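Inspection log for the structure reproduced underneath, given as C-alpha cells.
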Amino acid sequence: MNPLRGEAPLVLGKGEAAIRLTLKMGVNALCAAEPMLGKKSRAILDDLEDPHSGPALDTIRVLIWAGLRKHHPDYHLYQVGELIEESGPAVFNAAILAGLGSAF
C-alpha cells in the first residue's frame with residue numbers, strides 16, 4: 001500500500017475475522033464515480049465535506065466501489081452497500097477522505 005499515492009487501508013471488523021481492503025482514491029476512482037453519480041469531481045468532494053448533513057450514502061458507496069477497483073476489482077456496488085450496512089458509513093468516509101487527502 002502506498003499512502004503517498006492515494007491508497008488507504010480499510011479494515012472492517014476485528015481480529016482474524018477482519019476484512020482488510022486497500023482503497024486507491026485517485027484520478028481513476030473519481031473518473032469512475034463521476035458518471036455513476038451524475039456529478040463532477042468538485043461536486044462529489046463538496047458532498048463529502050458537507051458540514052450539515054454529511055455525504056450521501058450513494059456517494060460513499062460509489063466512491064468505495066471506485067476506490068476498490070485497483071486492488072479488489074471483484075467487489076460490486078451491492079456488496080459495498082452490504083459492507084456499509086454492517087460497519088456503518090463513518091469508517092468508509094474516513095478511508096475515502098484519507099485516500100483523497102494523500103492523492104491530491
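The values are calculated or read from the model by the stated rules, or taken from the named source; none is laboratory data. This one's a predicted model, so the numbers in the text were calculated from it and none came from an experiment. Heads up, the Cβs are rebuilt from the backbone with ideal geometry, glycines too, and the neighbour counts pull from every protein chain shown. SASA here: full protein model, heavy atoms, side chains in, ligands and nucleic acids out. Shrake-Rupley method; radii C 1.70, N 1.55, O 1.52, S 1.80 Å.
Each of LEU83, ALA43, LEU100 was scored by the projection of its Cα onto the charge dipole of the chain, and the greatest displacement toward the positive side belongs to LEU100; charges sit on the C-beta of Lys, Arg, Asp and Glu.
Charging the Cβ of each Asp and Glu at -1 and of each Lys and Arg at +1, and nothing else, the dipole of the chain about its Cα centre rounds to 400 debye.
Atom-type composition of the exposed protein surface of the chain places 55 percent of the accessible area on carbon and sulfur (1.4 angstrom probe). Taking amide H atoms as placed 1.01 Å from N in the peptide plane, the amide H of LYS70 lies under 5 Å from those of LYS24, each 5 or more residues away in sequence or on another chain. For the chain, GluC sites (Glu not before Pro) are listed when DSSP marks them as loop and at most 16 other Cβ atoms sit within 10 Å of their Cβ; the list is GLU49. Could you pull out the trypsin sites (Lys or Arg not before Pro) across the stretch 3-47 that fall in loop regions by DSSP (anything but H, G, I, E, B) with no more than 14 other Cβ atoms inside 10 Å? Sparse-neighbourhood loop trypsin sites (Lys or Arg not before Pro): LYS14, LYS40.
Surface exposure of the chain, expressed per residue as accessible area with a 1.4 Å probe, stands at 58 Å².
Taking 7 Å steps out from each Cα toward its Cβ at GLN79 and GLU34 produces label points 2.7 nm apart. Maximal additional length on extending the ALA43-ALA18 stretch stands at 5.7 nm, based on 0.36 nm per residue less the C-alpha distance. For helix 89-103, report the angle its Cα long axis makes with the longest principal axis of the Cα atoms of the chain; keep it between 0 and 90° and round to the nearest 10°. Taking the Cα atoms of the chain, the angle to 89-103 is about 70 degrees. Computed over the Cα atoms of the chain, what is the ratio Rg over Rh, Rh following Kirkwood? So for the chain, dividing Rg by the Kirkwood Rh gives 0.93. Rounded to the nearest Hz, the phi-derived 3J(HN,Hα) couplings of the stretch 70-79 under the Karplus curve 6.51 cos²θ - 1.76 cosθ + 1.60 (θ = phi - 60°) are 5, 9, 9, x, 7, 6, 10, 3, 4, 4, where x marks glycine and proline. With respect to the chain, whose longest principal axis is taken over its alpha-carbon atoms, helix 27-37 is tilted by about 70°.
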